[in-house]
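Where a number appears in this text, it was derived from the coordinates with a stated rule and is not lab data. Since this is a predicted model, take the numbers as computed values, not measurements. Glycine also receives a Cβ, built like all others from the backbone with ideal geometry; neighbour counts cover every protein chain displayed.
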Amino acid sequence: MRVAELLRPEHIPLMTDAELLKFNSLALADDLSLYMREAWPIVEPSTPFIPGWHIDAIAEHLEAVTAGQIRRLIINVPPGFTKTLTTCVMWPTWEWARDPSSRWIFTTHEVGLATRESVKRRAVMSSDWFRARWPHVIFSTDQNVKTEFQNTAKGEMFCCGFGGSPTGHHGSRIVIDDPQNPKKAGSDVEREAVIEFWRGSLSTRFIPPATAACVLIMQRLHERDLTGYLLAEEPGVWTHLSLPMEATTRQTVVLPSGRKIVREEGELLCPDRFGADQVAALKVSLGSYGASGQLQQSPSPAGGGMLKRGWWKEYAAIPDALDEVIQSWDCSFKETKDSDFVVGQVWGKKGASAYLLDQVRGRMDFPTTLKAIEALSAKWPAALAKLVEDKANGPAVISTLKTKISGLIAVEPRGSKEARASAVSPAIEAGNVFLPAPALAHWVGDFIEECAVFPRGANDDQVDAMTQALDRLLAGNAWADWAERKAREVAEQAA
């Protein structure tokens, strides 16, 4: 039971002002949501506080971190739901009211934003409201600047931009708020830099390592954003609270206390903040990928992105008398835990349709790649042409195997990956591309999913091998058609 629930209204007139203040401080230190409501005017004097169950859900998870019940927490929530104020301002100042010795590291994608929240933290704890209730929290005169300040109990709050230098700083709490700029969601370089900063720097800053906690709060941007990476690489380690803007099915959110919140299908997260009209406008402005990731916390649209899940056709038996059979290979640079896969596909053509007949996929070193090509060639001798992307290990593969296997053809990729997928997508949408029924190929589900999340997926090797094959089998002139269409669109926009 919360402290505030112990005081009956009829007892309030019987208490002195000092007793009421003490009771109020105890109640606030016991309830982060209540604390946030009272502290809100200090940092947002012109904006009214809008309550919502999502704030209570986030607050209860943060309380569980403070209590030591959760040590690794990921919260995915749309923009505009006070996630930063809740997690980076209210929670840390609330915890210092309880335990001023805790040490904090805060980081976000831009140092200016991190500094702004640091100033707000200091403003809350410097306010008359806070000082009257928790006078034991005293700032140190030795270290008290915008980005870093300490108190006399040896507590510390330090902030930096993501990729900055936390050297010399350790935290019993590390808070990561939107580590990547949404405008750079499509950048592989930016995404990998975020992951590397976590692996090589932030993950080593915990003190004491056995009990320190980390909270990551962000909107989803990509299948391999920091949320996706952590959930994939550390399964079962992170408590995950995902709050989509709109419930696509009936959803039950279970809070650390055991309390359950049920959302009906179609129910908005907080209509008082974003009603149906506002959400509809956001979907238009963000586009399908942005809306799916930033609003729904799913890095691909429900039906898929460029290559829709519902476009693929299925075959139960390979057609007789195929017009042509080929192989298509996408090779990796090296065999590492994080590298792309090597993919080899066998495709057949009959009339205006293409059929994916077989596929091998794995993280392979160079000798293993050679063996895989030899094995697939022996299995499918009718696949005379063997397309090998002229990148990564492709040239070395051709050079090594050309005296043993005939038909190896180096293919220079034309344009970006997205452009190549766009060039062949009309054939898929028209129903001219067939995949084996799931009973025939265990990997077909993964293939469809990779295509659906492209180009926001963690891997795109199957897509690359497919577009290379379809460009030869069906398109022939698909690239030219696509380039002509794009040029026409550019000309029309310029006019």
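Laid out as a table, the results:
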| read-out | value |
| --- | --- |
| Loop chymotrypsin sites (Phe, Trp or Tyr not before Pro), region 276-333, which have at most 14 other Cβ atoms in a 10 Å radius of their Cβ (DSSP) | PHE333 |
| Ordering of 353-360, 168-175 by packing [mean C-beta count within 10 Å, highest first] | 353-360, 168-175 |
| Angle in degrees between helix 53-66 and the longest Cα principal axis of the chain, rounded to the nearest 10 | 80 degrees |
| Amide H within-cut-off set for VAL433, under 5 Å, with H built and near neighbours excluded | LYS313, ALA354 |
| For SER242, residues with placed amide H under 5 Å, excluding near neighbours | ASN76 |
| Rounded to 10°, Cα long-axis angle of helix 111-126 versus longest principal axis of the chain | 20 degrees |
| Integer Hz, Karplus 6.51/-1.76/1.60 couplings in order for region 423-431, x for Gly and Pro | 5, 9, 4, x, 5, 5, 4, 6, x |
| Value of Rg to Rh for region 44-85 (Rh from inverse mean 1/r over Cα pairs, i.e. Kirkwood) | 1.02 |
| Beta bridges by DSSP in the chain, antiparallel share as percent, to the nearest 5 | 40 percent |
| The chain: radius of gyration and largest Cα-Cα distance (Dmax), Å | 27.9, 97 |
| ARG37-GLU267 pseudo-label distance in nm [points 7 Å out on the Cα-to-Cβ vector] | 2.0 nm |
| Calculated SAXS-style log₁₀ I(q)/I(0) at q = 0.18, 0.26 Å⁻¹ - region 389-466, Debye, Cα scatterers | -0.93, -1.19 |
| Cross-link reach list, aspartates and glutamates versus LYS22, counting only Cα pairs under 16 Å and skipping chain neighbours closer than eight places | GLU5, ASP30, ASP31, GLU38, ASP128 |
| Karplus-derived HN-Hα couplings along region 305-320 (A = 6.51, B = -1.76, C = 1.60, θ = phi - 60°), whole Hz, x at Gly and Pro | x, 5, 10, 5, 4, x, 7, 6, 9, 10, 10, 9, 8, 5, x, 6 |
| The chain - charge dipole about Cα centre, Lys and Arg +1 at Cβ, Asp and Glu -1, debye rounded to 20 | 500 debye |
| Nearest-ten-degree value, helix 461-470 long axis tilted from longest Cα axis of the chain | 30 degrees |
| Amide H contacts of GLY362 (H built 1.01 Å from N, under 5 Å, at least 5 apart or other chain) | VAL342 |
| Qualifying trypsin sites (Lys or Arg not before Pro) in region 186-275, DSSP loop, other Cβ atoms within 10 Å at most 13 | ARG250, ARG259 |
| Cross-link partners of LYS402 among aspartates and glutamates (Cα-Cα below 19 Å; sequence separation of 8 or more within a chain) | ASP330, ASP365, GLU374, GLU389, ASP390, GLU412 |
| Derived scalar couplings ³J(HN,Hα) [region 167-175; Karplus, 6.51 cos²θ - 1.76 cosθ + 1.60; whole Hz; x for Gly, Pro] | 3, x, 10, 10, x, 7, 9, 10, 10 |
